[in-house]
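A.B. asks: What follows is a structure written as structure tokens; I'll ask about it next.
The values are calculated or read from the model by the stated rules, or taken from the named source; none is laboratory data. Fair warning: this is a prediction, and the values are worked out from it, not measured in the lab. In this analysis, Cβ positions are derived from the backbone assuming ideal geometry, glycine residues included, and neighbour counts consider all displayed protein chains.
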2 protein chains.
Amino acid sequence: MTGHHTTQHAQSHSPAASTTLSSTESISLLSLSLACIGILANTFQGDGEPLIASLALSGLAFAGTYALIRWLGPTFMRSGLKGVDMSKQTRRELPECMGAICAVVYLLVVIVFIPFPFYKDIVAATSGGGNRDVVLRVEEVQRGRFLHRFPHGKLASYLSAIISLQSIAILGIGDDLFDIRWRHKFFIPAFASIPLLVVYFVDFGVTSIVMPIPLQPYLGELFDLGPLYYAYMACVAIFSPNSINILAGINGIEVTQSIVVALLLAFNDCLYLLTPYPHPATDSHLFSLFLLLPFLGVSFALLWYNWYPARAFVGDTYCYFAGMVFATVAILGHFSKTLMLLLLPQAFNFVYSVPQLFGLVPCPRHRLPRFNKRTGLMEPSVTEWVPERQPKPAVAWMLRMLGRLGLLMVKVDGDGKFVETSNFTIINLWLVWRGPLREDRLAGEITAMQAVVGLFGLFVRHRLALLIFKEDNWGL
Amino acid sequence: MTGHHTTQHAQSHSPAASTTLSSTESISLLSLSLACIGILANTFQGDGEPLIASLALSGLAFAGTYALIRWLGPTFMRSGLKGVDMSKQTRRELPECMGAICAVVYLLVVIVFIPFPFYKDIVAATSGGGNRDVVLRVEEVQRGRFLHRFPHGKLASYLSAIISLQSIAILGIGDDLFDIRWRHKFFIPAFASIPLLVVYFVDFGVTSIVMPIPLQPYLGELFDLGPLYYAYMACVAIFSPNSINILAGINGIEVTQSIVVALLLAFNDCLYLLTPYPHPATDSHLFSLFLLLPFLGVSFALLWYNWYPARAFVGDTYCYFAGMVFATVAILGHFSKTLMLLLLPQAFNFVYSVPQLFGLVPCPRHRLPRFNKRTGLMEPSVTEWVPERQPKPAVAWMLRMLGRLGLLMVKVDGDGKFVETSNFTIINLWLVWRGPLREDRLAGEITAMQAVVGLFGLFVRHRLALLIFKEDNWGL
């Protein structure tokens, strides 16, 4: 639902973009890669930190994605994965679905990373032998003999995260290839969340949530949601990817919003690493960092190509994948409520879109803002109303109300009949508020808004949560 | 390297095949699905067998694949995933890459299956609570308190198998989309085997092999291969998918050879289930069955469409995926030598192909047998030699030798110069031996040969292995 371009599958050899890296680029990427490999080798030899290894691998992920997008762009176009940027003066075809490259590089990196957090624990527990049934006692595991190293039991969680992310990659690529209908694609993330839920069920099975203090007298300190907990997790996994996928339509916006959310989640994770050890939630947040850092690596490389003026499109694959990374770390780390705070602009955009998504107001195929060729600026796109087809009374009332609240641009003629209303997306609304903007300015402002809302969300979560929960974090 | 069709990526709306199931088909599939769901629900409620659940899920996998190939075929064609069957009287475009559907259905099924073998163990060990760090003692685990249920530690192996299979699916789809060069695609399975090797390293780490008795005085009973063991596993994972991918080119052959290998592996697994409990290798072979049964389910559905005259092509995705299923069960079950016995025809085909693969003999783009439009039969395809470009002396000597041994069709002119030689594939060789055959007859005979060789291989493995190994099977 990127909406800003039409994907065409055609066997025409379009004017190929340059597929080679400049010598400056080659040297920079090579230096970065070598430095990262050096750090990695060092980490593996010594008693080193998995966190440092993760950072080094994220650097490699950046370099790999940067080079591969350049090299493979024309190949994607030849196979029909291309689109036209509709918000530019000149019509130009760009490679589409570059998110698939990000996903593959990311997956390779998180798979190669496995031995870093898990290796030493095994060696210590089994003296290098292979019998992993000789497990540490419960007390030892919980005390955590190795700072920042996981007990072996976490391996299954980590693997289930990889499976979910691979699933969303496969389904996202399918979506980009086949242009699945909106009604159907909404449930793609639900399928991809199955591995996560199944392994959670088998491996973990905690379905209790901490109750706010005012409710504790009635429902107890911990309330067991039972099967509902799985429904809740599935909802998080459906909401997060879809909400990112519908906040789209201008160059760079899919990537920058994902980067902001990832940075804020990583910042939140770091807060837990700085507490005096052993905070019960440290492991969950390390886990989260290990999955977020490589995501930031591939995303920055993608942003390089997708920022205005875009030289590549990200595809639904990227949006789904980004959302699923967030859902996975939040579910496995038990901080899904925090994630929801960081996705407030997306949630607003979703709720705001409901009138069009559910057909109360006609929904054109693309709702991206309108590009004004004369000024070169973006303007709100509109739904037009003809006098013969006016909204139903209740809808008309809602439209007028939204218009009065400044939440919609409404044009009526002399008879009070609707002429046009702006489309129901946060991007159009921003343009209604701020007036015409150039595409990069628009993307930048919305990204900044996302960052401010997210920071405020984190502040609320850590300062105000104490008022209704007994402790800041309950941990596992 | 299916070779029997050219894939075209074009945006033409080709004459759509029927996308609806006939009422007979609908009723049959629905009945099968309902029966399977019933069995499944029953298994989950009671103390039931994971093996029965796996069978039921395989039935569902068959029904799902059967319906989805019908429904999605035209969608694939619209996205450019189509090919022309070159061995038919009339030129007709067929959907390509149906193996991707098999892979997705298969993956969904093996993920949904997870709770069946692992659930009860957890409940018993932790009384339904969620703390999976309370693990069984080593002795209990090894004695196996629940017949046919896995200790929790096996979960990581199972998940790593899923990750490897998902990786090969993603890379295989990429190959089908982008037509990757032969030199590069050869290493696709190597990438997909990384998760398997990494988790093996972290989770298991046994790198010793049992020595044959004659060598035991020198090297000991167990010999530790160390890092070489990982190289060995990677070789198995590279060989198995590629060897299936190059034994291709006629309708149905990719699927039937895979089904034969899967059936023989499953038969071998069953031998271990029938031994008096507790045979040390029972768990490994159950594990193998759990991965093979759904594979048989999706493969039979695919065969329905791919058998002569084909209504769909399987794509490289299927060949890679099939080979990776075999490599995965063999590596995790420690019976890779048995797998090699079952892949003898593929190994022969690979070795036989070497002169062309490595350029000693010119290699045309397609080496599939030639379709004789007049007779409707398949004949060996040939490499032609012009008098000016004759093979080098060593190669000429080899060609003549192979011709004399009946391993090649060689035509020379009066001067002893080469005119043509048959292409180096087992399918062409079979036609050299048996004369022109209709395509289905040819596929049937090669499949039968595969089955006979495989059964003989299993006989050798179980009867003759005792002469050089102390016990029939060493287990884990």
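A.B. asks: Looking only at residues that are touching a Gly at 6+ places or on another chain (Cβ under 7 Å) and over 30 Å from A:LEU21 (Cβ atoms) in the stretch A:280-308, which one is modelled with the lowest pLDDT?
C.D. replies: So, considering only residues that are touching a Gly at 6+ places or on another chain (Cβ under 7 Å) and over 30 Å from A:LEU21 (Cβ atoms), the one modelled with the lowest pLDDT is A:PRO280.
A.B. asks: Further, regarding this structure: Can you tell me which residue in the stretch B:373-395 is modelled with the lowest pLDDT, limited to those that are surrounded by 12 or more Cβ atoms within 10 Å (Cβ to Cβ) and more than 23 Å from B:VAL412 (Cβ to Cβ)? Please lay out each step first, then the result.
C.D. replies: Kept after step one, since they are surrounded by 12 or more Cβ atoms within 10 Å (Cβ to Cβ), are these residues of the stretch B:373-395: B:376-385, B:390-391, B:395.
From the residues that got through so far, the ones that are more than 23 Å from B:VAL412 (Cβ to Cβ) too are B:376-378.
On the way: B:GLY376: 93, B:LEU377: 96, B:MET378: 96.
Step by step, filter the stretch B:373-395, then rank; the result is B:GLY376.
A.B. asks: Please go through the stretch A:175-191 and give me each residue that is within 19 Å of the chain's Cα centre (by Cα), crowded, with 22+ Cβ neighbours inside 10 Å and within 10 Å of chain B (Cβ to nearest Cβ), ordered by number.
C.D. replies: A:ASP176, the sole residue that qualifies.
A.B. asks: Here's another thing I want to ask about it. Could you tell me whether any residue of the stretch A:448-456 is in contact with a helix residue (DSSP H, G or I) (Cβ under 6 Å, 6 or more places away or on another chain), within 30 Å of A:LEU222 (Cβ to Cβ) and either part of a helix (DSSP H, G or I) or hydroxyl-bearing (Ser, Thr, Tyr) (or both)? Before the answer, list the steps.
C.D. replies: Let us first name the residues in the stretch A:448-456 that are in contact with a helix residue (DSSP H, G or I) (Cβ under 6 Å, 6 or more places away or on another chain), namely A:450-451, A:453-454.
Adding the requirement that they be within 30 Å of A:LEU222 (Cβ to Cβ) leaves A:454.
From what's left, either part of a helix (DSSP H, G or I) or hydroxyl-bearing (Ser, Thr, Tyr) (or both): A:454.
Among the residues of the stretch A:448-456, at least one is in contact with a helix residue (DSSP H, G or I) (Cβ under 6 Å, 6 or more places away or on another chain), within 30 Å of A:LEU222 (Cβ to Cβ) and either part of a helix (DSSP H, G or I) or hydroxyl-bearing (Ser, Thr, Tyr) (or both), which makes the answer yes.
A.B. asks: Separate question: I'd like the residue in the stretch B:441-476 that is at pLDDT below 95 and acidic (Asp, Glu) and, out of all such residues, is nearest to B:ASN306 (Cα to Cα).
C.D. replies: Per the stated criteria, the residue is B:ASP472.
A.B. asks: State all residues of the stretch B:245-259 that are within 12 Å of B:TYR320 (Cβ to Cβ) and either modelled with pLDDT of 95 or more or acidic (Asp, Glu) (or both); if no residue qualifies, say none.
C.D. replies: Listed by number, the residues that qualify are B:GLU254, B:SER258.
A.B. asks: To continue, here is another question. Please enumerate the residues belonging to the stretch B:83-120 that are hydrophobic (A, V, I, L, M, F, W, C), surrounded by fewer than 23 Cβ atoms within 10 Å (Cβ to Cβ) and within 21 Å of B:ARG438 (Cα to Cα).
C.D. replies: B:VAL84, B:MET86
A.B. asks: Is it fair to say A:TYR119 is part of a helix (DSSP H, G or I) and at pLDDT below 85?
C.D. replies: yes
A.B. asks: Hey, A:GLU420 hits all of (1) touching a Lys or Arg at 6+ places or on another chain (Cβ under 7 Å); (2) in contact (Cβ under 8 Å) with a residue 60 or more places away in the chain but one; which does it fall short on?
C.D. replies: Failed condition: (2).
A.B. asks: When A:LEU271 is evaluated against the numbered criteria (1) within 14 Å of chain B (Cβ to nearest Cβ); (2) in contact (Cβ under 8 Å) with a residue 12 or more places away in the chain, which criterion, by number, is the only one it fails?
C.D. replies: The failed condition is (1).
A.B. asks: Another question, then. For the stretch A:179-258, list the helices (runs of 4 or more DSSP H) that sit wholly inside it and hold at least 1 residues that are touching a Leu at 6+ places or on another chain (Cβ under 7 Å); which are they? Walk me through how you get there before you give the answer.
C.D. replies: Working: elements: A:182-185, A:188-203, A:216-219, A:227-246.
Of the helices (runs of 4 or more DSSP H) lying wholly inside the stretch A:179-258, those with at least 1 residues that are touching a Leu at 6+ places or on another chain (Cβ under 7 Å) span A:188-203, A:227-246.
A.B. asks: Can you confirm whether the stretch A:88-107 contains a residue that is among the aromatic types (Phe, Trp, Tyr) and within 11 Å of chain B (Cβ to nearest Cβ)?
C.D. replies: From the stretch A:88-107, those among the aromatic types (Phe, Trp, Tyr) are A:106; that's our starting set.
Right, trim to within 11 Å of chain B (Cβ to nearest Cβ) and you get none.
For the stretch A:88-107, residues among the aromatic types (Phe, Trp, Tyr) and within 11 Å of chain B (Cβ to nearest Cβ): absent.
A.B. asks: Here is a further query. Only residues in the stretch A:175-195 that are free of Cβ contacts under 8 Å to residues at least 12 places away in the same chain count as the first member; pair them with residues that are buried (at least 18 other Cβ atoms within 10 Å of the Cβ) and acidic (Asp, Glu), Cβ under 8 angstrom, at least 6 apart or cross-chain, and list the lot.
C.D. replies: Between residues of the stretch A:175-195 that are free of Cβ contacts under 8 Å to residues at least 12 places away in the same chain and residues that are buried (at least 18 other Cβ atoms within 10 Å of the Cβ) and acidic (Asp, Glu), there is no close pair.
A.B. asks: Additional query: State whether the residues of the stretch A:218-227 include one that is surrounded by 22 or more Cβ atoms within 10 Å (Cβ to Cβ) and among the charged types (D, E, K, R). Steps first, answer last, please.
C.D. replies: Looking only at the stretch A:218-227, we keep the residues that are surrounded by 22 or more Cβ atoms within 10 Å (Cβ to Cβ), and these are none.
No; the residues of the stretch A:218-227 include none that is surrounded by 22 or more Cβ atoms within 10 Å (Cβ to Cβ) and among the charged types (D, E, K, R).
A.B. asks: Output the residue which, of all residues in the stretch B:60-81 that are within 11 Å of another protein chain (Cβ to nearest Cβ) and more than 23 Å from B:VAL112 (Cα to Cα), is farthest from the chain's Cα centre (by Cα).
C.D. replies: Residue satisfying both the conditions and the ranking: B:ARG78.
A.B. asks: Here's a check for you: in the stretch A:43-54, which residue that is away from chain B (no Cβ under 13 Å) and touching a helix residue (DSSP H, G or I) at 6+ places or on another chain (Cβ under 6 Å) is surrounded by the fewest Cβ atoms within 10 Å (Cβ to Cβ)?
C.D. replies: It comes out as A:ILE52.
A.B. asks: Output the residue which, of all residues in the stretch A:153-174 that are in contact with a Gly (Cβ under 9 Å, 6 or more places away or on another chain) and facing another protein chain (nearest Cβ under 8 Å), is modelled with the highest pLDDT.
C.D. replies: Only one residue fits best here, namely A:ALA169.
A.B. asks: Take the stretch B:421-446 and flag every residue that is surrounded by 16 or more Cβ atoms within 10 Å (Cβ to Cβ), over 20 Å from the mean Cα position of the chain (by Cα) and assigned to a loop (DSSP other than H, G, I, E, B).
C.D. replies: B:ASN423, B:PHE424, B:PRO436
For every residue, the table says whether it meets (1) surrounded by fewer than 22 Cβ atoms within 10 Å (Cβ to Cβ); (2) among the basic types (Lys, Arg).
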site	(1), (2)
A:LYS337	yes, yes
A:LEU343	no, no
A:GLY359	yes, no
A:PRO362	yes, no
A:HIS366	yes, no
